[in-house]
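First comes the structure, then the notes that go with it.
Read-outs: derived from the displayed coordinates by stated rules, not from any lab. Please read all numbers here as calculations on a predicted model, not as lab measurements. Here the Cβ positions follow ideal geometry from the backbone for every residue, glycine too, while neighbour counts run over all protein chains shown.
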């Protein structure tokens with residue numbers, strides 16, 4: 001049973017091989033070779049990350065966590081209470097906390113682009129995952145169609161075999177009936 005990509009493309013995708021995308025051709029080839037197509041996309045993405053990418057992801061992960069928010073709230077409470085009440089005369093940053101506002105603005109100015117970079121990379125990872133999911137789903141559909149085809153062929157051959165057996169049994173019953181008929185009639 002020598003199948004080719006052209007046979008599979010015509011049968012299961014209802015397209016000519018020259019109309020297939022590269023991904024579809026690879027999926028059909030893996031179907032012919034009976035190889036898996038699933039892979040760990042996280043390893044491929046991690047392999048190509050630069051130090052800056054990893055740093056931006058780490059900053060975004062920390063900056064978007066509850067622990068960071070709670071620590072930052074505690075820092076703000078300490079800063080304002082320390083400068084407003086404890087250091088009332090020699091306050092480092094007296095009310096309205098202009099130096100604190102400057103620090104917060106600088107943190108926000110740096111943190112926002114870093115988080116956006118991490119989000120852009122996450123969107124790219126999501127696109128890679130979606131493309132990989134498409135490949136795996138397409139292969140699964142093709143394999144299911146192949147199983148249905150095999151089951152249909154098996155069922156057809158069983159029906160043909162049963163039909164032949166019924167015909168043989170009917171012939172045997174007819175011969176037995178003929179023999180019995182001859183025995184009943186007196187000669």
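Some points to look at:
- Histogram of C-alpha separations across the chain, 10 Å bin width, %: 7, 17, 14, 13, 12, 10, 9, 7, 4, 3, 2, 2, 1, 0, 0
- Spherically averaged projected area of region 44-155 from its Cα convex hull (nm²): 11.1
- Subtracting the Cα-Cα distance of residue 34 and residue 84 from 0.36 nm times their residue separation leaves 10.8 nm of extension gain.
- Separation of alpha-carbon centers, region 125-169 and region 1-66, rounded to whole Å: 23
- Semi-axis lengths, Å, region 138-177, gyration tensor of Cα atoms, sqrt of 5 times eigenvalues: 38, 4, 4
- Figure legend: label point modelled 7 angstrom from the Cα of residue 149 along Cα→Cβ; residues of region 2-26 with amide N under 17 Å from it are 2-18, 20, 24-26.
- Fewest neighbouring Cβ atoms within 10 Å first, the residues 47, 68 line up as 47, 68.
- Calculated [θ] (222 nm, deg cm²/dmol) that DSSP helices of n ≥ 4 give over the chain, each run adding -39,500 (n - 2.57): -26000 deg cm²/dmol
- Ascending count of other beta-carbon atoms within 10 Å, so fewest first, for 125, 61: 61, 125
- Theoretical gain in end-to-end length, residue 102 to residue 51 [0.36 nm per residue, Cα-Cα removed]: 15.5 nm
- Theoretical gain in end-to-end length, residue 124 to residue 170 [0.36 nm per residue, Cα-Cα removed]: 9.7 nm
- Helix 51-63 vs. the chain, principal-axis angle (Cα, 0 to 90°, nearest 10): 80
- With respect to the chain, whose longest principal axis is taken over its alpha-carbon atoms, helix 66-81 is tilted by about 10°.
- Between the helical axis of 98-184 and the longest alpha-carbon principal axis of the chain there is an angle of about 10 degrees.
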